[in-house]
Amino acid sequence: MNAPYFPDNCMSFADLGLSDELLRAVTDAGYTEPTPIQRQAIPSVLMGKDLIGIAQTGTGKTAAFVLPMIDVLGEGRTRALMPRSLILEPTRELAAQVAENFEKYGLNHKLSMALLIGGVQMGDQVKALEKGVDVLIATPGRLMDLYGRGKILLTGCSLLVIDEADRMLDMGFIPDIEEICTKLPKVRQTLLFSATMPPPIKKLADRFLTDPKTIEVARPATANVNIAQRIVQVPNTAHVKRQVLRDLLRQDEVATAIIFCNRKTTVRDLNKSLKKHGFRSAEIHGDMDQSARIAELDRFKNGDVNILVASDVAARGIDVKGISHVFNFDAPWHPDDYVHRIGRTGRGGATGIAYTLVTPEDAENITEIEKLTGHKIERVPSPVASDDAQTAAPTRERGRKRDAKKAEPRRDEVAADAPAKPKSRRAAPAREEQAAAPAPREESHARPARAERPAREERPIRDERPARDERPARDDRRRRRDQDDGPDEGWNGPIPDFLNYTIDA
C-alpha cells in the first residue's frame with residue numbers, strides 16, 4: 001500500500017481507532033496507510049454498525065473487516081460449540097486466505113480460530129469446535145453439513161460476515177446463506193461485501209441487514225485502472241491459441257502469471273502443453289482434492305513455478321503478491337468473472353497486464369464485458385499472425401486443387417468427337433452411331449453374344465414359363481433333377497473341355 005496508489009491519502013491506521021497491539025501487527029506486516037475501503041469501513045465496524053461494502057477485488061476489503069473484528073473480539077470468552085463470529089466464503093481458497101489474514105494480524109491477540117472447508121477430514125475441525133472458537137471461517141456447504149450433524153451451534157454468534165456475495169449467488173449458495181442467517185441471533189452485526197450488487201444480493205441485504213451503511217469505493221465492476229487490458233484475436237483452434245499464448249508468455253518476459261480457462265479439461269491439457277514446451281507451470285481445478293490444490297498453490301507462491309493454470313472456482317480468492325500478468329485463455333462466460341480474473345494482478349498499487357484471447361464466437365461476451373466495465377478494451381495483433389498464414393497456406397492449396405477437380409467436365413460430358421475410353425476388351429459403339437440411330441437401352445448396353453451361346457430370341461421369355469399352379473412341386477423338381485443325368489441339364493452353354501472326356505474300355 002504505497003503512496004502512489006492513494007496520492008490523496010493523509011490518514012494512517014492509527015487514525016482509524018485500532019488498538020496498539022493491532023497497529024504493531026499491521027506495521028510488522030509492512031502496511032502504513034489504509035486503502036479507501038479500509039478508511040471508510042473500519043470505523044463503522046468498530047462502532048457496531050451493519051455494513052454493505054461494494055469494492056472490486058484487490059482493494060484491501062479483506063483487511064477492512066478482519067482488522068476491526070480482531071479488536072471487537074479482543075474482549076470476551078469462547079464457549080464450546082458456539083463460535084462468537086462467523087465469516088462465510090464461497091471457496092476453500094478464499095476461506096484459507098482469510099484465515100491467513102487472521103493469523104498475520106492477530107499475532108498480539110489470543111483469539112482462537114477454526115476453518116471449516118470441504119476436501120479435508122472433519123475430525124480436526126470438530127475438535128476445534130468442541131474447544132470453542134472466537135472466529136469461525138467456513139464455506140456454506142461444510143458449515144451446513146456440521147450443523148446438520150449437531151456439531152455446531154450458531155446461537156452465540158454476534159458478528160456475521162458474508163464475503164464475495166455476488167460469487168455466492170453465481171455458485172448457488174444464496175439459499176444456504178438465508179438458512180444460516182435464520183440460525184443466528186436476530187440481534188447481531190452483519191457485514192456484506194460484494195464486487196457487484198445484483199437484485200438478488202440487494203434483496204438479501206434488505207432482509208438480513210439493519211440500517212446498513214453502504215460504502216462504494218469504485219463503480220461496480222469497474223476494472224482496476226492499474227491494469228493494462230488487451231484483446232488478442234485468435235481463430236477457434238486449440239493448437240493456434242496455445243501457440244499465441246506461448247508467444248505472449250515469451251515476448252512479455254512474464255515474471256508470474258495466472259492463466260484462466262473455462263473448463264477443467266482445458267486446464268489439464270493446457271498445463272501439459274506448457275510443460276512440454278519448457279514452461280514452469282502448475283494447475284488447480286475443481287477435480288483436485290484440497291491438499292493437492294494447496295500444494296500446487298504453495299509451489300506458485302514459493303516461486304517453484306511461475307505460471308498457474310486455473311479454473312474460475314479454484315482460483316477465486318487467490319492473493320499472491322507480484323503477479324505481473326493475467327491471461328484469459330478462454331474469454332469468460334460472465335462479465336463479472338472478467339473483473340475478478342484480471343483483479344489477480346495490479347494489486348496494492350502495482351501495475352499489471354491482462355490479455356484475453358478472443359475467438360469470433362466470443363464477440364458477444366466481449367461486448368457484455370465492455371458494457372459492464374464501461375470502456376473499450378484495446379485490441380492488439382496476434383504475435384503469430386504470419387505463422388498462421390503459413391499454416392493455412394497448405395490448406396488453401398488443397399482447397400484450390402479440390403475445387404479445380406470439381407470443375408473438370410465429367411466423362412459423359414466430353415465432346416462428342418472425342419473417342420470414349422472402352423470399359424472392357426470388347427469395343428463400344430461409336431458415339432456418332434449412337435446419335436444417328438439410337439438403339440433400345442437393352443441392345444446399346446448388351447454384350448455381344450458368343451457364337452456358342454443361343455440367341456436371346458431362342459431363350460424362353462418370362463411370360464412363356466408355366467404358371468405357378470402348373471409347375472411341379474419342389475420335391476418333384478428335385479426328384480426329376482436327381483434322376484435325369486443328361487449332359488446339359490440346367491446348362492445353357494457348351495460342355496467345357498475339361499468335362500468332355502471318354503473312358504477307354
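The values are calculated or read from the model by the stated rules, or taken from the named source; none is laboratory data. Every value quoted in this text rests on a predicted model; they were computed, and no experiment measured them. Heads up, the Cβs are rebuilt from the backbone with ideal geometry, glycines too, and the neighbour counts pull from every protein chain shown. Ligands, DNA and RNA are stripped out before the accessible areas are found, and what is left, the full protein with its side chains, is counted by its heavy atoms. Shrake-Rupley method; radii C 1.70, N 1.55, O 1.52, S 1.80 Å.
Would you grab the residues whose amide H sits under 5 Å from the one on ASN262? Only those 5+ places off in sequence or on another chain, please, with H modelled 1.01 Å from N.
Correct list: ASP330.
Percent relative contact order of segment 266-329, based on C-alpha pairs within less than 8 angstrom and at least six residues apart?
Details: 58 pairs, mean separation 22.0, N = 64.
Answer for segment 266-329 is 34 percent.
Pick out, in residue order, every one of the GluC sites (Glu not before Pro) in segment 46-124 that is DSSP loop and has at most 15 other C-beta atoms within 10 Å; say none if there are none.
Numbers: sites: GLU75, GLU93, GLU100, GLU103; in loops: GLU75.
Taking segment 46-124 and a limit of 15 other Cβ atoms within 10 Å, the loop GluC sites (Glu not before Pro) found are GLU75.
Quote the accessible area belonging to VAL217 in square angstrom, nearest 10, computed with a 1.4 Å probe and with ligands, DNA and RNA left uncounted.
Around 50 Å² of this residue is reachable by solvent.
Hand me the trypsin sites (Lys or Arg not before Pro) from segment 191-263 located in a DSSP loop with no more than 16 other Cβ atoms within 10 Å, in residue order please.
ARG263
Measure out, as a whole number of angstrom, how far apart the alpha-carbon centroids of segment 67-94 and segment 164-239 sit.
Cα centres, segment 67-94 to segment 164-239: 20 Å.
Return the FRET efficiency for the residue pair ASP269, ASP206: r is the Cβ-Cβ distance, R0 is 35 Å, and the value is rounded to the nearest 0.05. Before the final figure, lay out the partial values.
Values: r = 44 Å, r/R0 = 1.27.
Plugging the Cβ-Cβ distance into 1/(1 + (r/R0)^6) gives 0.20.
Give me the number: length gained by fully extending GLU100 to GLU33, i.e. 0.36 nm times residue separation minus the C-alpha to C-alpha distance, one decimal in nm. Please report the intermediate quantities before stating the final value.
Details: separation 67, 0.36 × 67 = 24.12 nm, distance 2.02 nm.
Gain on extension, GLU100 to GLU33, equals 22.1 nm.
Assign one of three labels to segment 82-136, namely rounded, prolate or oblate, based on the Cα gyration tensor with a ≥ b ≥ c the square roots of its eigenvalues; rounded applies when a/c is under 1.5, prolate when it is not and a/b is larger than b/c, and oblate otherwise. Could you put the intermediate results ahead of the total?
Details: a/c = 1.75, a/b = 1.11, b/c = 1.58.
The shape class here is oblate.
With only Lys, Arg, Asp and Glu charged, each at its Cβ (+1 for the first two, -1 for the last two), find how big the charge dipole of segment 160-280 is about the Cα centre; round to the nearest 20 debye. Write out the running numbers ahead of the final one.
On the way: 21 positive and 14 negative charges, 134 e Å.
It works out to roughly 640 debye.
For the modelled label position 7 Å from the Cα of MET82 along Cα-to-Cβ, which residues of segment 169-185 have backbone nitrogen atoms closer than 15 Å?
184-185
Once Lys and Arg get +1 and Asp and Glu get -1 on their Cβ, which of ALA295, PRO332, HIS285 lies farthest toward the positive end of the dipole of segment 237-385?
ALA295
Report the FRET efficiency, 1/(1 + (r/R0)^6), for LEU153 and ARG280, where r is their Cβ-Cβ distance and R0 is 60 Å, rounded to 0.05.
Details: r = 47 Å, r/R0 = 0.78.
About 0.80, to the nearest 0.05.
Taking the highest mean first, how do the peptides 270-278, 164-172 order by number of other beta carbon atoms within 10 angstrom per residue? Mind showing how you got there, number by number?
Values: 270-278: 16.1, 164-172: 21.1.
Answer by packing, highest mean first, reads 164-172, 270-278.
Just list whichever of LYS213/LYS371; LYS61/LYS183; LYS151/LYS186; LYS131/LYS213; LYS61/LYS376; LYS61/LYS371 have alpha carbons separated by over 32 Å in the model shown. Spell out each step's value before the answer.
Numbers: LYS213/LYS371 28 Å; LYS61/LYS183 26 Å; LYS151/LYS186 21 Å; LYS131/LYS213 35 Å; LYS61/LYS376 27 Å; LYS61/LYS371 25 Å.
Flagged as over cut-off: LYS131/LYS213.
For the pair SER112 and ASP145, how long in nm is the line joining their label points, each one 7 Å along Cα→Cβ?
Modelled inter-label distance: 2.3 nm.
State the extension gain, in nm to one decimal, for the chain segment bounded by GLU216 and ASP298, taking 0.36 nm per residue of separation less the distance between their alpha-carbons. List each step's numbers first, then the result.
Values: separation 82, 0.36 × 82 = 29.52 nm, distance 3.28 nm.
Stretched out fully, the GLU216 to ASP298 stretch lengthens by 26.2 nm.
Please list, ordered by chain and number, the residues whose modelled amide H lies under 5 Å from the amide H of ILE87; skip anything fewer than 5 residues away on the same chain.
Result for ILE87 returns LEU136, ILE137, ALA138, VAL161.
Note the full-extension length gain between MET47 and THR359 as 0.36 nm times their separation in residues minus their Cα-Cα distance, in nm to one decimal.
Values: separation 312, 0.36 × 312 = 112.32 nm, distance 5.07 nm.
Extra length from MET47 to THR359 when fully extended: 107.3 nm.
Assuming a ≥ b ≥ c are the square roots of the Cα gyration tensor eigenvalues, decide whether segment 50-171 counts as rounded (a/c under 1.5), prolate (otherwise, with a/b larger than b/c) or oblate.
Numbers: a/c = 1.64, a/b = 1.15, b/c = 1.43.
Oblate.
At R0 = 41 Å, how high is the FRET efficiency between ASP247 and SER291 if r is their beta carbon distance? Nearest 0.05 is fine. Provide the component values of the computation, followed by the final result.
Details: r = 35 Å, r/R0 = 0.85.
With R0 = 41 Å, the Cβ-Cβ based efficiency is 0.75.
Can you bin segment 243-355 into rounded, prolate or oblate? Criterion: square roots of the alpha carbon gyration tensor eigenvalues sorted a ≥ b ≥ c, rounded for a/c under 1.5, prolate for a/b above b/c, oblate for the rest.
On the way: a/c = 1.15, a/b = 1.06, b/c = 1.08.
Rounded, since a/c falls under 1.5.
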